[in-house]
1. Can you find a residue in region 293-305 that is modelled with pLDDT of 85 or more, among the aromatic types (F, W, Y) and in contact with a Phe, Trp or Tyr (Cβ under 8 Å, 6 or more places away or on another chain)?
2. Please enumerate the residues belonging to region 254-274 that are in a helix (DSSP H, G or I) and either modelled with pLDDT under 90 or of a type in the set (G, A, S) (or both).
3. Scan region 337-348 and give yes if some residue there is in contact with an Asp or Glu (Cβ under 6 Å, 6 or more places away or on another chain) and assigned by TED's automatic domain parsing to the domain that holds D310, otherwise no.
4. Among the residues of region 77-96, which ones are over 18 Å from the mean Cα position of the chain (by Cα) and closer than 25 Å to R218 by Cβ?
5. What about S149, is it more than 14 Å from V51 (Cα to Cα), in contact with a helix residue (DSSP H, G or I) (Cβ under 8 Å, 6 or more places away or on another chain) and modelled with pLDDT under 80?
6. Taking the condition of being hydroxyl-bearing (S, T, Y), in contact (Cβ under 8 Å) with a residue 24 or more places away in the chain and either within 16 Å of A132 (Cβ to Cβ) or surrounded by 13 or more Cβ atoms within 10 Å (Cβ to Cβ) (or both), how many residues in region 157-176 meet it?
7. Taking into account only those residues within region 88-106 that are under 13 Å from E343 (Cα atoms) and out of contact with any Pro (no Cβ under 6 Å at 6 or more places or on another chain), which is modelled with the lowest pLDDT?
8. Would you check if there is a residue in region 215-233 being assigned to a helix (DSSP H, G or I), among the small types (G, A, S), crowded, with 16+ Cβ neighbours inside 10 Å and at pLDDT 85 or above?
Amino acid sequence: MEFFKNTNIDFLGKKWYFLTFSLIFSVAGVLSMAFWHGIPLGVDFRGGTLVYVKYAHTPDPSAIHNEIESAGLKNARVQRYGQPGNNEVLIALDIQETSEQALDKGKTQIIQALESNVNQGKQDLNNSSSLAIFNYLLEKDPLHLGSGSDANPRYTSIAQAIVDYRDKTKGGVISSMDELKGAADPAVVASLQDSFFVSDFHIFNAEIVGPQVGQQLRGQAIRATLYSLAGMLVYLALRFEWIYGVAAVLTVFHDTLITVGAFSLLDREISLTVIAAILTLIGYSNNDTIVVFDRIRENIKLLRRDKLADIVNKSINQTLSRTILTAGLTFLTVLALFLFGGEVLHNFSLALVIGILIGTYSSIAIAAPILVAYQEWRGERGKKPIAMPLRPGSTTSAQPKEKVKV
């Protein structure tokens, strides 16, 4: 199946348009990383406290962020989390201590910030533990059990039943005290109303990534990216010529710069999953580039009297249908993941969407022109152009061994 047959598009003739496009997006990304949003590292890399919050209604991340800022918690990040119908948000704080006290501190600060305008002086039933409810019931003794041996197990059972009803039946958030009447004795519910209220949110989890762990992960991510680039440079230098390896690495660097710059411009966090997506795109972009290079190598043997620019243009046109088919199918897949994969995979799939578009574009618009520009530069200096080596085991054709004209 082919979408394009016998195309004759002058891609190299449009190289300055491609260069301008790449330059605009690259410079915009660099300016954003340098002066505006920086490189928005996720908590995986910078360390901090993650607090997962579920709401009884559709949350507004901007309003939540303003409440947290008003409470004095600076540099907090708020984003939607999970499926849209779950009404969950993820709040990242810069608390980096790894102790249990620091974890409780983060949860307490979030609760105080989100409850700053409601029911001062009462406890929040949606964010109270079974122990806090038990201690209250034991003190108030709404069932008049006295100090006998039955009080402790009875109130422990009631407190646990209330928490189980809240967490398992209502998904962590009770809308009103009246909902407890089916889970606890009316006397208990009436007593709880005196000192408890129900907020519109519930903190269901919190975790900490320490600064040392974040620094280690950041270093590993950088090394993984550099190792992959170095490996491709060596492979292409051995398989083709060193300039082809350099062209491929520069192309991948271009793709990575634009992808990271886009995340900075959009102020989207770069997490471990985003790094995984970028490494995937390095391989994907390199694969497209190798397909074009391989066709150039074949055509150099067949079209020895043609200029390299004409050979490269012909090679790109010959592989265009294959490129559109494979890239188009992959793009549709990651686009579906971006649209329907949920908030957890949103940044991961966004990196794939951007990377596949840029990676496909750069294999045609960046890698090939680099080869031609280098050969032209060598010609201007009076040096012989670098010839593409044959595949191992292949034989030369009967045609005269003339160098490609530049």
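1. Within region 293-305 (the criterion being modelled with pLDDT of 85 or more, among the aromatic types (F, W, Y) and in contact with a Phe, Trp or Tyr (Cβ under 8 Å, 6 or more places away or on another chain)), the answer is yes, since at least one residue qualifies.
2. Step one: filter region 254-274 for residues in a helix (DSSP H, G or I), giving 254-266, 272-274.
Residues satisfying the conditions are G261, A262, S264, L272, T273.
3. Filtering region 337-348 for residues in contact with an Asp or Glu (Cβ under 6 Å, 6 or more places away or on another chain) gives none.
Within region 337-348, none of the residues are in contact with an Asp or Glu (Cβ under 6 Å, 6 or more places away or on another chain) and assigned by TED's automatic domain parsing to the domain that holds D310.
4. Answer for region 77-96, where residues must be over 18 Å from the mean Cα position of the chain (by Cα) and closer than 25 Å to R218 by Cβ: L93, D94, I95, Q96.
5. Working: more than 14 Å from V51 (Cα to Cα): yes; in contact with a helix residue (DSSP H, G or I) (Cβ under 8 Å, 6 or more places away or on another chain): no; modelled with pLDDT under 80: yes.
No: the conditions fail for S149.
6. So the first thing to find is which residues in region 157-176 are hydroxyl-bearing (S, T, Y), and the list is 157, 165, 169, 175-176.
Retained after the next criterion (residues that are in contact (Cβ under 8 Å) with a residue 24 or more places away in the chain): 175.
Add one more test, that the residue is either within 16 Å of A132 (Cβ to Cβ) or surrounded by 13 or more Cβ atoms within 10 Å (Cβ to Cβ) (or both), and what stays is none.
Number of matching residues: 0.
7. Going through region 88-106, the residues under 13 Å from E343 (Cα atoms) turn out to be 88-90.
Filter once more, so that each one left must be out of contact with any Pro (no Cβ under 6 Å at 6 or more places or on another chain): 88, 90.
On the way: E88: 90, L90: 87.
Looking at the filtered set, the residue picked out is L90.
8. Residues of region 215-233 that are assigned to a helix (DSSP H, G or I), as a first pass: 215-233.
The next check asks that each one be among the small types (G, A, S); those that pass are 219, 221, 224, 228, 230-231.
Adding the requirement that they be crowded, with 16+ Cβ neighbours inside 10 Å leaves 221, 228.
Filter once more, so that each one left must be at pLDDT 85 or above: none.
So far as region 215-233 goes, no, none of its residues is assigned to a helix (DSSP H, G or I), among the small types (G, A, S), crowded, with 16+ Cβ neighbours inside 10 Å and at pLDDT 85 or above.
The values are calculated or read from the model by the stated rules, or taken from the named source; none is laboratory data. A quick note: this is a predicted structure, and the numbers were derived from the prediction, not measured. Positions of Cβ are backbone-derived with ideal geometry, glycine not excepted, and every protein chain shown enters the neighbour counts.
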